[in-house]
Amino acid sequence: MSPVPLRQPAMLSDRDEVRHLGRLLGDVIRDFDGKAAFDTIEALRQASVAVHRDDGPERRAELARLLAGLSLDDAVRFIRGFLNFSLLANIAEDRQTGLVPEGAEKRPERLEGALDELARHGVAPGEVAATLAGALISPVLTAHPTEVRRKSVIDRESAIAELVARRAAAADRQAIDSELYRQIALLWQTRPLRAVRLLVVDEIANALSVMRDNLLPVLPALHRRAETLLGADVGSFLKPGSWIGGDRDGNPFVTAETLRTALAGQARAALQYYLGEVHRLGAELSISASIARITPELAALADDSGDESPHRQDEPYRRALSGIYARLAETHAERTGTRPPRASALIAESYPGPGALVADLEVVRASLVAHGGERLVGNRLDDLIRAVGIFGFHLASLDMRQNSGVHRAVVAELLREAGVCPDYEALGPDERTELLRRELAHRRLLGSPFADYSEVTQSELAILRAAAEAHARYGPAAVRNYVISHSTCVADLFEVYLLLKEVGLYRPGDVPACDVMVSPLFETIEDLEAAPAVMRAFLAMPESRALADARGGVQEVMIGYSDSNKDGGYLTSSWALFEASRALADVFADAGIRLQLFHGRGGTVGRGGGSAFAGIRAQPPGTVGARIRITEQGEVIASKYGTPALAALSLETMTSATLLATLAPPETDPADLARFRAAMEMLSGSARAAYRGLVYETPGFNTYFRAATPVGEIAELKIGSRPSSRTKSDRIEDLRAIPWVFSWSQARVMLPGWFGVGAALIGFSDKGLLRAMNAQWPFFAATLSNMAMVLAKSDIAIAALYSELVEDEALRAEVFGTISAGWKRTHDSLLEITGKTDVLGDDPVLARRIRMRLPYIEPLNALQVELIRRYRRGETDARVREGIHLTINGIAAGLRNSG
Ligand code: PGA
């Protein structure tokens, strides 16, 4: 797929394009399913649009009548129609988002705009360049199950997106329209639901295509642009990461084998990209030594290449590049176990590492510069050198992740079997830490070939061995981080180091060394509150400091948005994350270690979603420090990285925000900030009480939740490889955050995005202070603006339909009453603070887009409720279940968020 050009005339509005695509879809349905089918869907569409244009009981009754009259076949077809319409509307919207209107480079999201803003604050380009040179900005792709679309559907969408972009700029639209018709017809006849559950290898393949097609080609150019703008070297600051194949927290299907598969696939993609580029360079650099001069180093490289072809005897660049190609081909064979698609005719040694490849490419470059100047070099060679610097032989760093509880059990077993400690888990946290430190100081290992370890221990040790193997094969950048879910204490970190020591990745000694950094993930409110103290204690240990020093004085801490939200509600979670980050920055400053925060956030607001730019800028002062990693999950991967143009824009936005958060002076005056924080502390306290009062303290709430949302049906969707709960328990505490958020979103309650906020705001008497916070404090403004988006997508009337699924009337009345009263309080107090008449008063484009979508979502909600009722009553017709799953897809597509 060729990249959609970044700059193109926006001759059509998204509304025009949505209409056009909608018309084509209508044609397709009429042609393939007949006029009657089309008429049924069209009548419903018009009835729904009419309700939204001019609400009234008759119009609603008409819509309800049409829905009730659908046969199961018609219902399934209708749902598919609306689902496909939403997919097409998303394409038109994305195209507009990806466009760069005239003058947009001045916006702070763009590098030019961010640099201008920094210049206004007196930050010189040299300082920006130096900051970038020490920076790490890393989007980390995860396999979190929130992408409901099949890859085949996404592929059709990409083809349609490309055509829509071409059509906007084309003089003759007719030819494009017939191809568009064809693609839409293919989409219409593609099954939207997966027939079987995704496997980890499928998730690996999907992510790999994004990295290969959309990240590899755009990252070098982005670095080049930064360098041109700053007039200085900026190093490789943007590096993608991945969890896919290494994150086994609650996913028993992630094993040593998947880690190997993921890394081999990544290495293949990177090396094949380099091979292609070297091949193209060879075609291009036909310079003859009889005409131009070359450096002795290039001559030597050419002579050593083994390329004796008489056609190229006077073409040293080509000969040198043949040699480089041959060495790369051998590297490919050796590291990935397979020959590259285009073999080399030469016999050569593999490269020991990416550095040696860069060194050869630099020889080529230096010779060109010496005898022709920079202008002779061209972007291809520069970008290739940069690409090797960014992607190495591994493409993206693959993190490992496991739950602290599993580590503890494995360590306990190792210690017991080795006769070191009979019951490690019975020890207190400090005793555990001391024992681990003693063990870490030893050169001897605990593992014994004679012990009969449990399955968990064997599989944990196996994946660690695979990581050690990957270090040897692809270099240490292949697996750099090890995330510990549910971290609560210092021992959690040392346990992982002890396990790494078992496979040789942690090397004891006077100055211990480890090529993997352990990142504790703090994810409940209580754990976030404890995080600064835990990290203070950890950094005080000499081994921690030695390890941090060895990697340039950096230590990462991960903070979890969705679990803290599920635990304490939206406002409290946002606040706990802010305060933990702020306090961590102080702890790290005291320790003289650089803090690298890793934000574990999802796409929806209840999981930390929202504008990435505003989110990064709203971080507390001193917490970004030019180092940031952020998870990119599920449907967000397609919407932010689905094409090279979107990927380029998202990465640039992330870079601009990081630079501004690092170098621009704080936007809030420190004295104000102190007042605002005190206010937030109170707000957070009352929001938490309201939230926990409902979710954890209302008897029967869990029953209400399981009846009034499609949580059970979501668990049956085949959208990811991992189970929806970590354990068998059905407590809300044990449910994963994704199905929790996902199901509230389907029921249009979107409780995780707002509940508790109204109670807090209404109970706070100084409304003037709240208004000042919204005007002067990016954190508070972003919190409210994300919530506004959620409120605009929620609908209490629809939520009421879902509540009818709860059989116990008293419970229904109590819980739904609390939810709807809370919604109204939240809605009204938001307007009071913003002074607007509409929750999206500040964002008319988004408001219009959401309004345009609602008529396509609401009937799906109504059908979903009806089908769920029938399904839960035991109807076994497969179309009932299919219909439910299709409505889930359709609503997610319409809302543009899943879990
Ligand atoms: P986790 O992620 O359950 O994998 O920790 C939660 C989330 O991203 O919402």
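The single condition among (1) within 24 Å of the chain's Cα centre (by Cα); (2) open to solvent by 10 Å² or more (accessible area, probe 1.4 Å) that residue 117 does not meet is (1).
One residue alone among 676, 705 is in contact (Cβ under 8 Å) with a residue 60 or more places away in the chain, buried (at least 19 other Cβ atoms within 10 Å of the Cβ) and more than 16 Å from the ligand (Cβ to nearest atom), and that residue is 676. Condition (residue is open to solvent by less than 20 Å² (accessible area, probe 1.4 Å) and under 18 Å from residue 864 (Cβ atoms)) applied to region 806-817: is it met by at least one residue? Looking through region 806-817, at least one residue is open to solvent by less than 20 Å² (accessible area, probe 1.4 Å) and under 18 Å from residue 864 (Cβ atoms). When 186, 180, 259, 263 are checked against the criterion of being open to solvent by 20 Å² or more (accessible area, probe 1.4 Å), among the hydrophobic types (A, V, I, L, M, F, W, C), out of contact with any Pro (no Cβ under 9 Å at 6 or more places or on another chain) and at pLDDT 95 or above, a single residue qualifies: 186.
Quick one: which helices (runs of 4 or more DSSP H) sit completely within region 745-847 and have at least 1 residues that are farther than 27 Å from residue 860 by Cα and touching a residue at least 24 places away in the same chain (Cβ under 8 Å)? Talk me through it step by step, then tell me what you get.
Values: elements: 757-762, 767-776, 778-793, 796-803, 809-834.
It comes to 757-762, 767-776, 778-793, 809-834.
Name the residue that is farthest from the ligand (Cβ to nearest atom), counting only residues in region 651-662 that are open to solvent by 20 Å² or more (accessible area, probe 1.4 Å) and touching a residue at least 60 places away in the same chain (Cβ under 8 Å). Within region 651-662, the match that is farthest from the ligand (Cβ to nearest atom) is 662. When you go through (1) surrounded by fewer than 22 Cβ atoms within 10 Å (Cβ to Cβ); (2) farther than 23 Å from residue 851 by Cβ one by one for residue 795, which number turns out not to apply? If we test residue 795 against (1) surrounded by fewer than 22 Cβ atoms within 10 Å (Cβ to Cβ); (2) farther than 23 Å from residue 851 by Cβ, just (2) comes out false.
Can you go through 461, 435 and tell me which one is open to solvent by 10 Å² or more (accessible area, probe 1.4 Å) and in contact (Cβ under 8 Å) with a residue 24 or more places away in the chain? Step through it out loud before you land on a result.
Working: 435 fails: in contact (Cβ under 8 Å) with a residue 24 or more places away in the chain.
Being open to solvent by 10 Å² or more (accessible area, probe 1.4 Å) and in contact (Cβ under 8 Å) with a residue 24 or more places away in the chain holds for just one of 461, 435, which is 461.
The residues of region 308-326 that are closer than 25 Å to residue 383 by Cα and either under 42 Å from the mean Cα position of the chain (by Cα) or part of a loop (DSSP other than H, G, I, E, B) (or both), listed by number, are 315, 317, 318, 320, 321, 322, 323, 324, 325, 326.
Among the residues of region 610-619, which ones are at pLDDT 90 or above and of a type outside the set (S, T, N, Q)? Before the answer, list the steps.
The initial filter retains those residues of region 610-619 that are at pLDDT 90 or above, namely 612-619.
612, 613, 614, 615, 616, 617, 618, listed by residue number.
Does residue 789 satisfy the criteria of being surrounded by 20 or more Cβ atoms within 10 Å (Cβ to Cβ) and either farther than 25 Å from residue 192 by Cβ or within 31 Å of the chain's Cα centre (by Cα) (or both)? Please lay out each step first, then the result.
Values: surrounded by 20 or more Cβ atoms within 10 Å (Cβ to Cβ): yes; either farther than 25 Å from residue 192 by Cβ or within 31 Å of the chain's Cα centre (by Cα) (or both): yes.
Criteria met by residue 789.
The rows are residues; the columns are (1) within 23 Å of the chain's Cα centre (by Cα); (2) of a type in the set (Phe, Trp, Tyr); (3) closer than 16 Å to residue 220 by Cβ.
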{"position": "356", "(1), (2), (3)": "no, no, no"}
{"position": "363", "(1), (2), (3)": "no, no, no"}
{"position": "366", "(1), (2), (3)": "no, no, no"}
{"position": "371", "(1), (2), (3)": "no, no, no"}
{"position": "375", "(1), (2), (3)": "no, no, no"}
{"position": "385", "(1), (2), (3)": "no, no, yes"}
{"position": "388", "(1), (2), (3)": "no, no, yes"}
{"position": "398", "(1), (2), (3)": "yes, no, no"}
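Of the helices (runs of 4 or more DSSP H) entirely within region 538-627, those holding at least 3 residues that are buried (at least 24 other Cβ atoms within 10 Å of the Cβ) and away from the ligand (no atom under 15 Å from the Cβ) occupy 570-591. Across region 387-413, which residue is surrounded by the most Cβ atoms within 10 Å (Cβ to Cβ) among those that are assigned to a helix (DSSP H, G or I) and touching a Ser or Thr at 6+ places or on another chain (Cβ under 7 Å)? This residue is 410.
The values are calculated or read from the model by the stated rules, or taken from the named source; none is laboratory data. All figures in this text were calculated on a predicted structure; none of them were measured in a lab. Note: ideal-geometry Cβ built from the backbone for every residue, glycine included; neighbour counts use all protein chains shown. Calculation scope for accessible area: heavy atoms of the full protein, side chains included, ligands and nucleic acids excluded. Shrake-Rupley method; radii C 1.70, N 1.55, O 1.52, S 1.80 Å.
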